[in-house]
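**Student:** Okay, handing you the structure first.
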């Protein structure tokens, strides 16, 4: 793998994300693209909020609440506990080891590209937008 394409540090990972570039990351959910995208968004936001800050020791009291401020900020995403745990683990690794080192230690079948943009259509652009059902029926 050409590691020059992988962000060397967490700040560069967030910068690339903010620019709309694809980032190399680790698949954490394995359930599907929407579930995975939520994890990646949360990991980026947690990383953003902790750039330049010391990390708690993994088994410390502080580690148990690390990122709670970010979780409150992104709570409208409706993350499950499992998604938040995965995002915390990934962000911690990016901040502690860097995305490139994290990537190099990730099994190849869990290496993915992610971006802050993903395919979607604006319903107003559809030639025949779907109208809500009326009381008279019609399926």
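Each reported figure results from applying straightforward, stated rules to the coordinates on display, with no laboratory input. Computed from a prediction, not measured in an experiment: that's the story for all the values here. Cβ sites come from the backbone with ideal geometry, for glycine too, and all protein chains shown count toward neighbours.
**Student:** Give me the Debye-computed log₁₀ of I(q)/I(0) at q = 0.16, 0.17 Å⁻¹ for the range 3-118, equal point scatterers on Cα only, no solvent, two decimals.
**Tutor:** Each listed q corresponds, in turn, to -0.69, -0.78.
**Student:** Oh, and also: With a 10 Å Cβ neighbour count serving as the proxy for reagent exposure, in which order, fewest first, do 24, 118 appear?
**Tutor:** Result, fewest neighbours first: 118, 24.
**Student:** Would you mind calculating the gained length between residue 35 and residue 55 on full extension (0.36 nm times residue separation, minus the Cα-Cα distance), in nm to one decimal?
**Tutor:** The residue 35-residue 55 span can extend by a further 4.6 nm.
**Student:** So, one more: Order of 68-77, 82-91, 40-49 by packing, highest average Cβ count within 10 Å first?
**Tutor:** Values: 68-77: 13.4, 82-91: 20.4, 40-49: 22.0.
Result, highest mean first: 40-49, 82-91, 68-77.
**Student:** Grab the beta carbon distance between residue 19 and residue 96, set R0 = 25 Å, and tell me the FRET efficiency rounded to 0.05.
**Tutor:** For residue 19 and residue 96, the calculated efficiency is 0.60.
**Student:** Can you tell me the order of 12-18, 93-99 when each peptide is scored by its average per-residue count of other Cβ atoms within 10 angstrom, highest first? Walk me through the numbers before you get to the answer.
**Tutor:** On the way: 12-18: 18.6, 93-99: 20.6.
Those peptides, ordered most packed to least, come out 93-99, 12-18.
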